[in-house]
Amino acid sequence: MALTELYNAYKTETATPLTEEQFEKLLLYFPCLLIVASDGVVDDEEWYYVNYLARFIAQREIGMEDIEEMEKYKAIYLKEMQYLCNHLGNWKESFLMKLKEYLDLHLHLKDDLEDIMVDFAEASDGISEEESKMMDYLKETLNVSL
């Protein structure tokens, strides 16, 4: 499935306002959601980190020059991440398959992804057993080093 096909399938399902380029950013940081949800529950503390991730993506998208626009996109990314957390089973395989292809074409993005995945795993009280297993799975699936 091409990225455009995945985007169109996602857009049909969710009516997301994200452009395909913005969807690429959501796809790139999708593994962070898997780490956060690795124990099967996204608790209040973990939502704090999901909120941080939404802000991080929006800042990279918009910058800090236009705070109002950045906050608008933060809210959009957060809504998309909430949807994905609630429907991981529906999207996990296709997102990871497409992300692996994407990273193979954009090798320079692997370092960014690796760093933020480790940061997310360590954000709470260190890396839990579930997070460690998910990171091993992502490492193998995406061909990244953690």
* residue 128 being open to solvent by less than 70 Å² (accessible area, probe 1.4 Å), under 28 Å from residue 15 (Cα atoms) and either polar (S, T, N, Q) or out of contact with any helix residue (DSSP H, G or I) (no Cβ under 9 Å at 6 or more places or on another chain) (or both) -> no
* Structure fact -> Going through (1) open to solvent by 50 Å² or more (accessible area, probe 1.4 Å); (2) at pLDDT below 90 one by one, residue 37 fails only at (1)
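Residue-by-condition table, conditions (1) in contact with an Asp or Glu (Cβ under 9 Å, 6 or more places away or on another chain); (2) β-branched (Val, Ile, Thr); (3) over 14 Å from residue 26 (Cβ atoms):
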residue: 44; (1), (2), (3): no, no, yes
residue: 50; (1), (2), (3): no, yes, no
residue: 82; (1), (2), (3): no, no, no
residue: 109; (1), (2), (3): no, no, no
residue: 116; (1), (2), (3): no, yes, no
residue: 120; (1), (2), (3): yes, no, yes
residue: 127; (1), (2), (3): no, yes, yes
residue: 130; (1), (2), (3): yes, no, yes
* **Cβ-Cβ under 6 Å pairs, at least 6 apart or on other chains, the stretch 8-34 side free of Cβ contacts under 8 Å to residues at least 40 places away in the same chain, far side of a type in the set (Phe, Trp, Tyr) and open to solvent by 10 Å² or more (accessible area, probe 1.4 Å)** => 20/7; 23/7
* Taking the stated definitions as given, is residue 116 surrounded by 15 or more Cβ atoms within 10 Å (Cβ to Cβ), in contact with a Phe, Trp or Tyr (Cβ under 6 Å, 6 or more places away or on another chain) and of a type in the set (A, V, I, L, M)? -> no
* Does the stretch 3-21 hold any residues that are closer than 28 Å to residue 121 by Cα and open to solvent by 10 Å² or more (accessible area, probe 1.4 Å), and which are they? -> 3, 7, 14, 20, 21
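The values are calculated or read from the model by the stated rules, or taken from the named source; none is laboratory data. Predicted model, so just to flag it, every value in this text is computed and none were measured. A quick note on method: Cβ atoms are made from the backbone with ideal geometry, for glycine too, and the neighbour counts reach across all protein chains shown. Surface areas here come from the heavy atoms of the whole protein model, side chains and all, with no ligands, DNA or RNA. Shrake-Rupley method; radii C 1.70, N 1.55, O 1.52, S 1.80 Å.
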